[in-house]
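S.K.: Have a look at this one.
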Amino acid sequence: MYACSKNEKAIAPEATTISFEIPANFPVPTYNFDDNKLTNAGFALGKKLFYDARLSADNSVSCGSCHQQFAAFANLDHKVSHGVNNCQGKRNAPPLFNLAWQKAFFWDGGVKNIETSPLNAITDACEMGTDIERIITSLKGTAPYPDLFKQAFGSDEITSQKILKSIAQFTAVLVSGNSKYDKVMRKENGFNFSSVELAGYNLFKEKCASCHAEPLFTDFSYRSNGLDVVSADEGRSTITGVNTDFGTFRVPTLRNIEYTGPYMHDGRFYSLDEVLEHYNSGVKAAGNLDSRLKNGVPLNASEKEQIKAFLKTLTDNEFLKNTLYNES
Amino acid sequence: MKTSQYLLALLCPIILLSSCKKSDDEITANPKSSFTIEFEHQVNGAVLALNTTTYKNAKGEDFKINVFKYYVSNIRLSKADGTAYLVPESYYLIDESKSESKFITINKVPTGDYTKIEYTIGVDYALNFAGAQTGALDPINGMFWTWNSGYIFVKLEGTSPQSTAANNALTFHIGGVIDPNNTIRTFSTEINAANPLRVRTDAKPDVHFIVNAASLFTGKTDISFSALNFTMGGANSVIVADNYTKGLFRLDHIHN
């Protein structure tokens with residue numbers, strides 16, 4: 001009874017009441033906690049599960065292994081996710097924030113609900129390589145989990161539904177809406193774009209925003225941006241079975257882009273310079289190339305610097321350093 | 001102030017009564033009772049036995065079945081006058097390897113004579129997009145796709161010498177709700193008006209369905225296991241769903 005190690009003993013109750021904050025410049029979210037009442041205990045349990053490597057086959061990989069807070073919950077310096085048994089996945093781990101506004105998950109949009117998203121990573125042989133039943137069995141015998149489930153859901157019975165709902169209480173609360181861009185848009189005191197940032201913003205609206213639509217910086221569509229003539233990854237068509245979706249991927253958000261590299265579904269670009277140069281000169285005539293990219297996005301050197309300056313205004317340091325979200 | 005309170009007190013029961021009436025418009029609420037459904041699994045008239053017995057498909061190819069399970073949901077009962085009762089929250093996973101799952105009890109059904117029964121083979125569109133579920137829809141039941149989230153509606157696994165897959169495997173996981181590969185199908189059967197489903201407070205009838213596992217492979221398109229032995233959603237799953245729509249279930253009899 002007293003054998004559990006110190007850091008297992010209990011989760012310190014969060015000092016502040018956990019709440020789901022909708023930034024004033026954001027639209028109505030898709031996920032709203034109507035069927036998953038947000039509580040401090042539920043959030044704390046979800047966070048503990050998120051950072052617990054016992055959710056993987058060999059106890060080596062947690063959700064947090066590939067979703068690191070300092071990288072806006074993407075995976076620093078990893079082209080693709082690195083799972084159990086040293087297995088390399090085929091896609092780049094996406095950042096996790098503003099998920100409550102997202103309609104589908106993963107690069108191909110295969111998962112349709114935030115609550116069921118962890119199942120994909122848990123069962124993928126190259127990610128966590130296990131199954132939810134094994135996790136339930138393990139948690140039942142691991143203090144303090146039964147108590148934590150009781151605090152969160154009123155009973156110490158552990159079910160897949162409670163595991164998934166508590167993780168969603170953590171992941172859906174991850175809202176990033178306090179970047180300099182947001183403060184400028186909300187006309188908060190003292191926040192203005194510099195002249196370079198403003199020039200970048202105007203260029204961005206002209207050349208990028210039709211897909212990376214404000215304020216979430218994605219229109220949630222699936223497109224090919226011409227990385228290869230023939231994509232090595234089927235992308236969206238694995239989900240829909242439709243040929244015109246071959247080689248298309250979810251348009252990613254650009255918020256916190258300064259810290260979420262490497263970029264693209266396969267993490268092929270390590271810097272924003274490489275990304276912008278791709279749009280300037282590297283777009284290939286892929287079969288399903290998005291019509292807006294037929295001629296690429298011509299950008300000269302100073303335009304690239306301006307756009308980069310603007311993109312860095314999308315960095316939300318309050319989010320990246322919020323201690324409520326780190327492994328405690 | 002006082003008058004309005006009296007008025008409110010007067011109005012309340014009226015509101016309650018009228019709302020009560022509205023929700024049960026289809027069929028008068030009381031009294032209620034229950035009935036059971038038995039799903040008897042067969043393969044072209046022979047008893048379904050997992051792992052051991054060899055059966056033949058419509059092409060004359062031998063096959064064995066190791067796994068046979070499927071969802072039945074949104075059960076709807078109709079009377080001769082056209083009024084209907086949708087059994088709320090009706091999601092059932094029927095699994096040949098779990099004999100108790102082949103008998104389901106439907107409770108709180110308004111009494112009456114029902115002449116038609118309908119249900120979804122699989123899980124309705126909305127629940128394929130919903131959050132984490134429990135009970136029959138719990139992902140631990142092995143009927144949930146994690147990478148393309150949604151339910152497997154019908155799962156048949158087995159072997160056939162004709163299968164070109166590894167270990168001669170047959171893998172038929174039918175599901176998917178998005179056009180053009182939507183596999184949600186509805187089964188509907190009329191009940192002989194001479195012997196309707198008589199739900200009574202003093203009698204609990206049994207409805208007996210014969211379920212033919214071989215219906216996956218014939219009906220609209222005869223399937224050869226050399227050509228189709230693996231499907232997990234997509235166009236080939238539609239071929240299988242179109243086959244079993246009519247042939248999977250047959251109302252055999254009702255014990256009133």
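S.K.: Every residue in region A:63-109 that is more than 14 Å from every other protein chain (Cβ to nearest Cβ), without any contact (Cβ under 8 Å) to a residue 24 or more places away in the chain and either of a type in the set (Ser, Thr, Tyr) or closer than 13 Å to A:Ala172 by Cα (or both), please.
M.R.: A:Ser65
S.K.: Scan region A:155-163 and tell me whether some residue there is in contact with a helix residue (DSSP H, G or I) (Cβ under 8 Å, 6 or more places away or on another chain) and away from every other protein chain (no Cβ under 12 Å).
M.R.: yes
S.K.: Tally time: how many residues in region A:57-81 are modelled with pLDDT under 90 and either hydroxyl-bearing (Ser, Thr, Tyr) or at positive phi (or both)?
M.R.: 4
S.K.: Tell me the residue from B:Asp95, B:Asp113, B:Asp81 that is more than 18 Å from the chain's Cα centre (by Cα) and surrounded by 14 or more Cβ atoms within 10 Å (Cβ to Cβ), please.
M.R.: B:Asp113
S.K.: Is it the case that some residue within region A:240-258 is within 14 Å of another protein chain (Cβ to nearest Cβ), in a loop (DSSP other than H, G, I, E, B) and among the acidic types (Asp, Glu)?
M.R.: Within region A:240-258, not a single residue is within 14 Å of another protein chain (Cβ to nearest Cβ), in a loop (DSSP other than H, G, I, E, B) and among the acidic types (Asp, Glu).
S.K.: Then there's this: Among the listed residues B:Asn181, B:Asn212, which satisfies the condition of being within 14 Å of another protein chain (Cβ to nearest Cβ) and crowded, with 18+ Cβ neighbours inside 10 Å?
M.R.: Answer to the check: B:Asn181.
S.K.: Among the residues of region A:135-147, are any assigned by TED's automatic domain parsing to the domain that holds A:Ala71, of a type in the set (A, V, I, L, M, F, W, C) and within 14 Å of A:Lys47 (Cβ to Cβ)?
M.R.: No.
S.K.: Just give me the residues in region B:148-157 being at pLDDT 95 or above and within 14 Å of another protein chain (Cβ to nearest Cβ), in sequence order.
M.R.: B:Gly150, B:Tyr151, B:Ile152
S.K.: Mind checking which helices (runs of 4 or more DSSP H) fall wholly inside region A:159-223 and carry at least 1 residues that are out of contact with any Leu (no Cβ under 6 Å at 6 or more places or on another chain), under 29 Å from A:Ile18 (Cβ atoms) and modelled with pLDDT of 95 or more?
M.R.: Filter on region A:159-223 gives A:160-171, A:180-185.
S.K.: Does any residue of region A:113-134 turn out to be at pLDDT 95 or above and not in a helix (DSSP H, G or I)?
M.R.: yes
S.K.: Let me ask another. So B:Ser160 passes all but one of these: (1) of a type in the set (Ser, Thr, Tyr); (2) surrounded by 15 or more Cβ atoms within 10 Å (Cβ to Cβ); (3) within 14 Å of chain A (Cβ to nearest Cβ). Which condition number does it fail?
M.R.: (3)
S.K.: Would you check if B:Tyr119 is among the hydroxyl-bearing types (Ser, Thr, Tyr) and surrounded by 17 or more Cβ atoms within 10 Å (Cβ to Cβ)?
M.R.: yes
S.K.: From the list B:Glu61, B:Glu40, exactly one residue is of a type in the set (D, E, K, R), under 30 Å from B:Thr115 (Cβ atoms) and modelled with pLDDT of 95 or more. Which is it?
M.R.: B:Glu40
S.K.: Go through region B:232-241 residue by residue and tally those that are touching a residue at least 40 places away in the same chain (Cβ under 8 Å), assigned to a helix (DSSP H, G or I) and either in contact with a Leu (Cβ under 9 Å, 6 or more places away or on another chain) or not β-branched (Val, Ile, Thr) (or both).
M.R.: 4
S.K.: Restricting to region A:71-101, and then to whatever is of a type in the set (S, T, N, Q) and assigned to a loop (DSSP other than H, G, I, E, B), can you tell me which residue is farthest from A:Glu214 (Cα to Cα)?
M.R.: Among residues in region A:71-101 that are of a type in the set (S, T, N, Q) and assigned to a loop (DSSP other than H, G, I, E, B), the one farthest from A:Glu214 (Cα to Cα) is A:Ser81.
S.K.: I'm trying to understand the selection: among the residues of region A:266-294, which are of a type outside the set (Asp, Glu) and either under 22 Å from the mean Cα position of the chain (by Cα) or at pLDDT below 95 (or both)?
M.R.: A:Gly267, A:Arg268, A:Phe269, A:Tyr270, A:Ser271, A:Leu272, A:Val275, A:Leu276, A:Gly287
S.K.: Assess whether A:Lys112 counts as being basic (Lys, Arg), closer than 22 Å to B:Ala130 by Cβ and within 12 Å of another protein chain (Cβ to nearest Cβ).
M.R.: yes
S.K.: Related question: Just to be sure before I move on: is A:Phe43 at pLDDT 55 or above, among the hydrophobic types (A, V, I, L, M, F, W, C), assigned to a loop (DSSP other than H, G, I, E, B) and touching a Phe, Trp or Tyr at 6+ places or on another chain (Cβ under 8 Å) in the structure I sent?
M.R.: Judged against the criteria, A:Phe43 is not a match.
S.K.: If A:Glu127 passes every condition in (1) surrounded by fewer than 18 Cβ atoms within 10 Å (Cβ to Cβ); (2) within 11 Å of another protein chain (Cβ to nearest Cβ); (3) within 17 Å of the chain's Cα centre (by Cα) but one, which one does it miss?
M.R.: Just one mismatch for A:Glu127, condition (1).
S.K.: Taking region A:230-239 as the region of interest, how many residues are of a type in the set (S, T, N, Q) and either within 14 Å of chain B (Cβ to nearest Cβ) or buried (at least 22 other Cβ atoms within 10 Å of the Cβ) (or both)?
M.R.: 2
S.K.: Is it the case that some residue within region B:127-147 is within 16 Å of the chain's Cα centre (by Cα), surrounded by 15 or more Cβ atoms within 10 Å (Cβ to Cβ), away from every other protein chain (no Cβ under 14 Å) and modelled with pLDDT of 95 or more?
M.R.: Taking every residue of region B:127-147 in turn, none turns out to be within 16 Å of the chain's Cα centre (by Cα), surrounded by 15 or more Cβ atoms within 10 Å (Cβ to Cβ), away from every other protein chain (no Cβ under 14 Å) and modelled with pLDDT of 95 or more.
Here is a yes/no grid of residues against (1) surrounded by 21 or more Cβ atoms within 10 Å (Cβ to Cβ); (2) farther than 22 Å from A:Pro27 by Cα; (3) within 14 Å of another protein chain (Cβ to nearest Cβ); (4) touching a His at 6+ places or on another chain (Cβ under 6 Å):
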{"site": "A:Gly141", "(1), (2), (3), (4)": "no, yes, no, no"}
{"site": "A:Gln151", "(1), (2), (3), (4)": "no, yes, no, no"}
{"site": "A:Gly177", "(1), (2), (3), (4)": "yes, no, no, no"}
{"site": "A:Lys207", "(1), (2), (3), (4)": "no, yes, no, no"}
{"site": "A:Leu227", "(1), (2), (3), (4)": "yes, yes, no, no"}
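The values are calculated or read from the model by the stated rules, or taken from the named source; none is laboratory data. What you see is a predicted model; the values in this text were computed from it and never measured. Positions of Cβ are backbone-derived with ideal geometry, glycine not excepted, and every protein chain shown enters the neighbour counts.
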